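Quick note: the coordinates plus some simple rules give every number you see, no bench work behind them. Since the model is a prediction, treat every value here as computed from it, not as a measurement. Don't worry about glycine lacking a Cβ; one is built from the backbone with ideal geometry, like all the others, and counts go over all protein chains shown.
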Amino acid sequence: MDEKMKKMGDMQLSAVTDAKKRKTILDQIFLWEQNLEQFHMGLFRFRCYLSSLQGGELPNPKRLLAFASRPTKLAMGRLGIFSVSSFHALVAARTESGVRRRTQAMSRTSSSKRKSRFSSLWGLDTTSKK
C-alpha cells in the first residue's frame, strides 16, 4: 500500500506548485519510503527465519538492498557501509521504540559515566571529580 501511495505522491508532486503543499507531500513521501524500508527489512528477516527452519538457502540480500530509498542509499554510500546489517541498523534506529530504548539506556548509563569510558581515557577526563 505504501508503494502505491508513494507513486501517487510523486505524481501529485509534479502537479503542485505551492511550496507549503510541496513540502507536506515530500514529507509524506519520505515517511512512506521509511515504512517501505521497514516492511522489506521485516520481510527479509522472516524469509531468513523460514529458510533456517526449513534448512534451505538464505535469501539473497541484494534484493533487500534494492528496496532502499535513494536518500538511504546516498547516506550509506557516503559512509561506505551499504550492507544488510548497516541497513538493518539504520531502519531500527528510525523506529520510535528503538529511539525510546536508546534514550532509556543512555539515561541509565549517564549516572555512571566513568564505568563506560575506556580505561585509557580516564586520565584525560578533566570534568569529573576524582
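Restricting the search to segment 31-69, which residues are among the small types (G, A, S) and in a helix (DSSP H, G or I)?
G42, S51, S52, A66
What are the residues in segment 41-67 that are of a type in the set (S, T, N, Q) and surrounded by fewer than 12 Cβ atoms within 10 Å (Cβ to Cβ), if any?
S52, Q54, N60
Of all residues in segment 71-82 being assigned to a helix (DSSP H, G or I) and free of Cβ contacts under 8 Å to residues at least 24 places away in the same chain, which is surrounded by the most Cβ atoms within 10 Å (Cβ to Cβ)?
The selected residue is M76.
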